[in-house]
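Trainee: This is the structure I have questions about; it appears just below.
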Amino acid sequence: MHYKKKNKKLNFIVVIPARYKSSRLKGKPLIDLYGTPMIIRTYKQCLKAFPSKLVYIATDNKSIKKICEK
């Protein structure tokens, strides 16, 4: 996708980092917030600003991957 900034086209994607073994709070992306995992809430907020084809989740954990593939 291209966005213009003062007559220049910007090519970019949005990458949401979702590490399971965070140093301060392990499993943070999977924490349930009012019935929705935190990583899904973050993804949905990104979709308010950018089309889905530009938003990616980067993870090192199979549990997070399963949640994101639903």
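Trainee: Which Cα, out of F50, N61, I40, lies furthest along the positive dipole direction of the chain (beta carbon charges, K/R +1, D/E -1)?
Mentor: The residue sitting farthest along the positive end of the dipole is F50.
Trainee: To the nearest 0.05, how large is the calculated FRET efficiency for F12 and K62 if R₀ is 30 Å and r is the Cβ-Cβ distance?
Mentor: 0.60
Trainee: Between F50 and L25, how many nm apart are label points set 7 Å from Cα along the C-beta direction?
Mentor: 2.2 nm
Trainee: Provide the per-residue ³J(HN,Hα) series for segment 23-32, in order, calculated from phi with Karplus coefficients 6.51, -1.76, 1.60 and θ = phi - 60°, each as a whole number of Hz, with x at glycine and proline positions.
Mentor: Karplus values, whole Hz, x for Gly and Pro: 5, 9, 8, 4, x, 3, x, 9, 4, 7.
Trainee: State, as an integer percentage, the relative contact order of the chain based on alpha-carbon contacts under 8 Å between residues 6 or more apart.
Mentor: 35 percent
Trainee: Given the pairs K26/K48; K9/K70; K9/K53, which span a C-alpha to C-alpha distance of over 29 angstrom in this model?
Mentor: K9/K70
Trainee: In the chain, if every C-alpha pair distance is counted and binned at 5 Å from zero, what percent goes to each bin?
Mentor: In whole percents, the pair-distance histogram is 3, 15, 24, 21, 15, 9, 6, 5, 1.
Trainee: Give me, ordered by chain and number, the residues 5 or more places off I16 or on other chains with an amide H under 5 Å from its own placed amide H.
Mentor: The answer is Y56, I57, A58.
Trainee: Step through the residues of segment 48-59 one at a time and calculate ³J(HN,Hα) from phi using the Karplus curve (6.51 cos²θ - 1.76 cosθ + 1.60, θ = phi - 60°), rounding each to whole Hz and writing x for Gly and Pro.
Mentor: Calculated HN-Hα couplings, in order: 6, 10, 9, x, 4, 5, 9, 10, 10, 10, 9, 9 Hz.
Trainee: Dipole magnitude of the chain about its Cα centre, charges +1 at Lys/Arg Cβ and -1 at Asp/Glu Cβ only, in debye to the nearest 20?
Mentor: 320 debye
Read-outs throughout are calculated quantities, based only on the coordinates presented, and are distinct from any laboratory measurement. All figures in this text were calculated on a predicted structure; none of them were measured in a lab. Note that each Cβ is placed from the backbone with ideal geometry, even for glycine, and that neighbours are counted across all protein chains shown.
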